[in-house]
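Step one of this worksheet: look at the structure below.
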Amino acid sequence: QQQQQQQQQQDDHSGSTKKRISDNLRSSNATETTEALSIAEEDELLLDTISDSSSFSSMSSLKKQPHKEKNKDNNDATTTATHENNEEDQRFFHITPHDTALLLIDMQTDFINPTQGRLCKQYSSQVHSEIEQTTHHVERLLQAARKAGLTIAQSRSHRYGATIRKDLVDAQDDAGYELAPNLRALEGEIVVDKWTFGAFASTNLEEELRKRGIRKILLGGVLTNVCVFATAVQAVDRFFRVCVVEEATGSFETRWHTQALNLLNEPQIVPGGHAHNATGLYFGEVAKLQNVLNTLEQITSSSTTPIHMDDDTENKKKN
């Protein structure tokens with residue numbers, strides 16, 4: 001009898017868990033984006049149904065067949081590139097103004113200003129130089145995304161390591177907590193204040209993005225190995241497609257930055273194993289800033305000419 005009771009409890013728990021998952025999927029509109037679980041399927045869906053999309057290639061070691069080139073009349077511009085190890089591995093991340101957001105993480109004075117930042121000023125001049133370069137790249141990305149008509153969202157964090165600084169939320173004249181002057185949000189753009197590393201867990205960010213029809217996220221900000229990484233994982237768990245813009249993210253240590261990008265982008269499979277041909281077993285794509293900027297400019301100018309992003313090809317054209 002005791003075993004039967006235990007089994008009944010397990011069945012009840014399983015049933016309630018399935019119902020909760022089902023309810024969560026319905027409430028978050030995730031059933032509309034389940035194609036995100038299969039990269040190939042979603043790429044075909046987007047290319048076949050969206051007339052104003054553009055795409056850029058991203059870096060991945062995952063084997064994938066080269067994408068079929070679409071007719072120019074479809075207004076689909078496809079970027080192509082080879083992987084840095086010269087393998088013909090290609091991935092594509094398609095963006096359209098109506099379903100793609102630029103999400104910038106914690107570009108606050110405290111984290112990126114070498115003289116005024118509570119955290120940044122603790123590091124070396126070399127780190128300061130690298131963070132300043134990251135900030136410059138984020139500024140360029142933000143300007144291009146605004147011109148292209150993407151939804152813009154930013155987070156501010158009052159999570160400082162193990163400390164939650166509630167005193168900084170809505171603090172008057174606290175320049176450290178505020179977004180950097182050149183990155184301040186414009187009217188109508190999303191800004192959320194978080195106390196978790198990821199930007200979704202402690203805010204209404206998902207709700208705000210869903211209201212705007214967002215399905216895909218270009219991700220930048222700091223720190224790559226902490227809040228950017230956590231946000232990417234949380235976004236994928238909510239069925240958003242994610243692409244991290246490599247040079248528009250930064251850390252206080254280059255090694256941490258690189259390791260975080262590798263964990264996000266490299267397929268979580270064993271070569272030759274049962275998942276040899278699997279797709280989607282990762283948290284997000286990683287793309288070069290210039291590839292993204294070129295594609296955003298293409299959207300802005302409504303060009304229909306395919307862009308070839310292979311560096312060698314571009315150099316040959318210039319010469």
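Structural remarks
- Zone of I164's modelled label, taken as backbone nitrogen in region 175-216 under 16 Å from a point 7 Å along Cα→Cβ: 193-204
- When the listed pairs K211/K288; K121/K211; K121/K166; K121/K216; K121/K147 are checked against a 27 Å cut-off, the alpha-carbon distance exceeds it for K211/K288; K121/K211; K121/K216; K121/K147.
- The modelled label-to-label distance between E297 and L263, using points 7 Å beyond Cα along the C-beta direction, is 3.5 nm.
- Stokes-Einstein diffusion for region 154-233 at 37 °C, viscosity 0.692 mPa s, with a Kirkwood radius from C-alpha pairs, works out to 243 µm²/s.
- Residue-by-residue Karplus 3J(HN,Hα) for region 141-153, coefficients 6.51, -1.76, 1.60, Hz, glycine and proline x: 5, 4, 4, 5, 5, 5, 5, 7, x, 6, 5, 10, 9
Just so you know, all these numbers are worked out from the coordinates, no wet-lab data involved. Predicted, not measured: the structure shown is a model, and the values here were computed from it. Quick reminder, even Gly has a Cβ in these numbers, built from the backbone with ideal geometry, and neighbours come from all protein chains shown.
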